[in-house]
1. Yes or no: Ser167 open to solvent by 50 Å² or more (accessible area, probe 1.4 Å), in contact (Cβ under 8 Å) with a residue 24 or more places away in the chain and of a type in the set (S, T, N, Q)?
2. Please specify each residue of the stretch 217-236 satisfying the condition of being touching a helix residue (DSSP H, G or I) at 6+ places or on another chain (Cβ under 8 Å) and at pLDDT below 95.
3. Quick check on the stretch 20-49: of everything there that is touching a residue at least 40 places away in the same chain (Cβ under 8 Å) and on the phi > 0 side of the Ramachandran plot, which residue is nearest to the chain's Cα centre (by Cα)?
4. Please go through the stretch 135-160 and pick out each residue that is buried (at least 21 other Cβ atoms within 10 Å of the Cβ), out of contact with any Cys (no Cβ under 6 Å at 6 or more places or on another chain) and part of a helix (DSSP H, G or I).
5. Looking at (1) within 14 Å of the ligand (Cβ to nearest atom); (2) under 16 Å from the mean Cα position of the chain (by Cα); (3) free of Cβ contacts under 8 Å to residues at least 40 places away in the same chain, which one does Ala178 not meet, given that it meets all the others?
6. Would you check which residues across the stretch 141-173 are within 11 Å of the ligand (Cβ to nearest atom) and out of contact with any helix residue (DSSP H, G or I) (no Cβ under 6 Å at 6 or more places or on another chain) and list them?
7. For the stretch 192-216, which residues satisfy the criterion of being over 20 Å from Thr127 (Cβ atoms) and at pLDDT below 95?
8. Go through the stretch 129-158 and give me each residue that's farther than 18 Å from Thr47 by Cβ and hydroxyl-bearing (Ser, Thr, Tyr).
Amino acid sequence: MSGAQTTAGQGQPLTDLRGQVAIVTGASSGIGEAVAEALAARGARVTLAARREERLRALAERLEGAGHSETLTVRCDVRQPVDVRAMVQRTVERWGQLDILVANAGFGWRGPLVDGDPQRWKDMLDTNVYGLLLTLKYGVSPLLERQRGHVIVLSSVAGRVVTAGGSAYCGSKFAASAIAEALRMEVGSRGVRVTTIEPGVVISEFQRVAEYPPEILPNMLKGAEPLVPADIARAVVYALEQPAHVGISELVIRPTGQTYP
Ligand SMILES: NC(=O)c1ccc[n+]([C@@H]2O[C@H](COP(=O)([O-])OP(=O)(O)OC[C@H]3O[C@@H](n4cnc5c(N)ncnc54)[C@H](OP(=O)(O)O)[C@@H]3O)[C@@H](O)[C@H]2O)c1
């Protein structure tokens, strides 16, 4: 019998993100902004998409000023099919390809179901679920055409763990995780990777937009140091830089010591 064949060693090289073309939705603040920054720092060309154009332009100036590669800013409301389609079209027209799609736009809102504000629910579900579906529908096609690429979906620990007060937000993030997993099954054999990112507490504009009362964060963190957007950006880069045959399907990133949720 021949000796055991070893496959130890370096394995395949990491994926080089230089020159890759990425779209990041929700790039005007928080996690999206940090992901865009991390991608640009690795030489990717990045479409920065969100509704607040002035914020996108300021980020673009900062990235280009830092000597990073090109950016494109696109005003896009992910709830609008026409906006999402145009965001993808403009990216492909500009650079001739798309390699990375980061579906990050979203927001939260907590409260007892019976006190829920139906308009707020609708806005949140339209953004976190319908907007995600639209982003994937239009953004994944160019990846499939080239039989390569990587999709990152920002879900949440709220997409794995239900909490009282989280009926609508947890519902939207359980949906986001389910959508990402179904997509992974549909496109993996066609060369496209899908990674679901599930953060715990990350300090960003999220808490202000969600109108968190002051006691919520201390309740969740119980003294633990919260994450910052750059912590999530590093996890995204980790997934993207894996060799093409390594699919990181899910990453849960909590503050060390966060036990709830
Ligand atoms: N922060 C956390 O603790 C946490 C934890 C788990 C998961 N997440 C998820 O991470 C993602 C990013 O959150 P964040 O913490 O970075 O919050 P954030 O700082 O409030 O950023 C949210 C981003 O989403 C964009 N956005 C919202 N509605 C949009 C729409 N209709 N069309 C296009 N863009 C829209 C916002 O841009 P404009 O307002 O300019 O459009 C903004 O850039 C969200 O999906 C969130 O659910 C956050």
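The values are calculated or read from the model by the stated rules, or taken from the named source; none is laboratory data. Not measured: the values here are computed from a predicted model. Here the Cβ positions follow ideal geometry from the backbone for every residue, glycine too, while neighbour counts run over all protein chains shown. To get the accessible areas, we keep the full protein, side chains included, count just its heavy atoms, and leave off ligands, DNA and RNA. Shrake-Rupley method; radii C 1.70, N 1.55, O 1.52, S 1.80 Å.
1. Answer is yes for this residue.
2. Leu217
3. Applying the filter and picking the extreme gives Gly26.
4. Hits for the stretch 135-160 are Thr135, Leu136, Gly139, Val140, Leu143, Gly159.
5. (1)
6. Leu154, Val157, Arg160
7. Scanning the stretch 192-216 gives Pro213, Pro214, Glu215, Ile216.
8. Tyr130, Ser155, Ser156 - these are the residues of the stretch 129-158 that are farther than 18 Å from Thr47 by Cβ and hydroxyl-bearing (Ser, Thr, Tyr).
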